[in-house]
1. Could you run through region 183-210 and say how many residues are away from the ligand (no atom under 12 Å from the Cβ) and open to solvent by 10 Å² or more (accessible area, probe 1.4 Å)?
2. Taking region 286-334, which residues are in a loop (DSSP other than H, G, I, E, B) and more than 24 Å from residue 91 (Cβ to Cβ)?
3. Looking only at region 133-154, how many residues end up being within 11 Å of the ligand (Cβ to nearest atom) and outside any loop (DSSP other than H, G, I, E, B)?
4. Filter region 85-104 down to residues that are assigned to a loop (DSSP other than H, G, I, E, B) and β-branched (Val, Ile, Thr) and give me whichever is least open to solvent (accessible area, probe 1.4 Å).
5. Out of all the residues in region 219-264, which are of a type in the set (Asp, Glu) and farther than 21 Å from residue 209 by Cα?
6. For region 42-54, give me the residue count where each residue is within 12 Å of the ligand (Cβ to nearest atom), surrounded by fewer than 24 Cβ atoms within 10 Å (Cβ to Cβ) and not in a loop (DSSP other than H, G, I, E, B).
7. How many residues are open to solvent by 60 Å² or more (accessible area, probe 1.4 Å) and either in a loop (DSSP other than H, G, I, E, B) or touching a Ser or Thr at 6+ places or on another chain (Cβ under 8 Å) (or both) when one looks only at region 268-285?
8. Residue by residue through region 304-336, note down the ones that are in contact with a strand residue (DSSP E or B) (Cβ under 7 Å, 6 or more places away or on another chain) and open to solvent by 60 Å² or more (accessible area, probe 1.4 Å).
Amino acid sequence: MNYLEPELFHYSDTQGTKSFREEIAKFLTDYARAAEALNPEHITVMSGCCAVFATLSTVLCDPCDGYLIPTPCYGGINSKTWLYGGIQPVHVPLFSEVTDEESHPFQLTAEKLEAALQRAKNQGIRVRALILINPHNPLGDIYPAQLLKHCLEFAHRYELHVIMDEIYMLSVYGDATFTSVLSLDCVPDPERTHFMWDFSKDFGMSGIRVGVLYTRNHEIQKAVNQLAVFHGCPGPVQHVLSQFISDRDWLDNVFFPTNKKRLKEAQNILVDGLADVGIPVLKSSGGLYVWADFRKFLKSQTFEAELELWQKLLEEKLLISPGKAFYCYEPGWFRLVFSDSVDKIYLCIQRLEQMLHADATESAANNISSNADALCTLKEGSSGNPSNTPGDDVSQLKNILLYYNHICI
Ligand SMILES: Cc1ncc(COP(=O)(O)O)c(C=O)c1O
């Protein structure tokens, strides 16, 4: 792996070296259980998924066009695509409350996509694409095959491009079955369905900066390849990763089983520890984090209170991302990453317990001394406020994102 031929230091194909694309095609065909073997010619390699997002959205949309994205969602997509392509997000807000036709909190349905698209149309926004993250960040859930098909059919009906972000494709643990878009026998609109994956999450290599786009659309790929010149991967990195993903024996018998086992163990420790301190989490089967419900620890059900809690957590040396950084429409949800040493997870729970216990004692003392008027004032400011949405305080969000970008997962 460490021996580098001199030619690897020359300019290489901006689409990615042929040998690397061939290795990736084989790797994804097998690990995504692709319905048919991937064609290396349909692959473009870039410096990470953010680069893939930026270039693809620039190619697919004109400035001011919109893209649909269910929220909460990975916060980086928003600011980065916006800055580069000048396009705007059209959120599909998901909520924790379960209604009749849903089976779990924050569930996506084709009807919700439809409603968001109509809202955008009424506002005069031309929507060009739908972004789906599967396994989801930050929710950690996996789209059932049926839902995935409904979403693809919805996009096909409205001639929307679909960007499938499957960056956590192999970070699935437990008994869950993951369905990659590449594994579907029949995709409703293959020319408008684009897949992306990279090495950051499934291999814990976010510093190596290598992302992969797979698209069967020749015209789009041609345009993406023009922009890829600004986002290329160094030849030596492509060479090393080719060796790395071709070592199937090690991947199948050592790396993936160990990785999945450790992720599941770490998740169990965190989920159990959170349950002990009274924090429920959304059931998850993929990703490196859990989505946890801190609502009962908010002073009021507002994003101001969420920010206040987040700052308190920081003071206790707990860096836990608040829902607002993921454009969540409901205050009080936080994402906790568990892909770290078990010691740190225990330490996190210990600090949480101390902090929440101290808070409970303090508020009990305050309650005794406070009068009824004060309680009334608190209630009035706590709910039903129309400005209580993730988008209403840009400076707060910037604060969180600034912090979040330093630890982005
Ligand atoms: C869902 C999702 N997509 C894309 C990215 C960006 O990946 P990268 O930093 O490797 O470009 C991330 C990073 O956190 C992510 O969580």
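The values are calculated or read from the model by the stated rules, or taken from the named source; none is laboratory data. Everything numeric in this text was worked out from a predicted model, so none of it was measured. Using ideal geometry, Cβ is built from the backbone for each residue, glycine included, and neighbour counts are taken over all protein chains shown. Side chains are part of the model used for accessible areas, which takes the heavy atoms of the whole protein and leaves out ligands, DNA and RNA. Shrake-Rupley method; radii C 1.70, N 1.55, O 1.52, S 1.80 Å.
1. Within region 183-210, residues that are away from the ligand (no atom under 12 Å from the Cβ) and open to solvent by 10 Å² or more (accessible area, probe 1.4 Å) number 11.
2. Hits for region 286-334 are 299, 316, 317, 318, 319.
3. So the count comes out to 1.
4. Among them, the one singled out is 87.
5. Correct list: 219, 249, 252.
6. The qualifying residues number 2.
7. 2
8. Passing the criteria: only 329.
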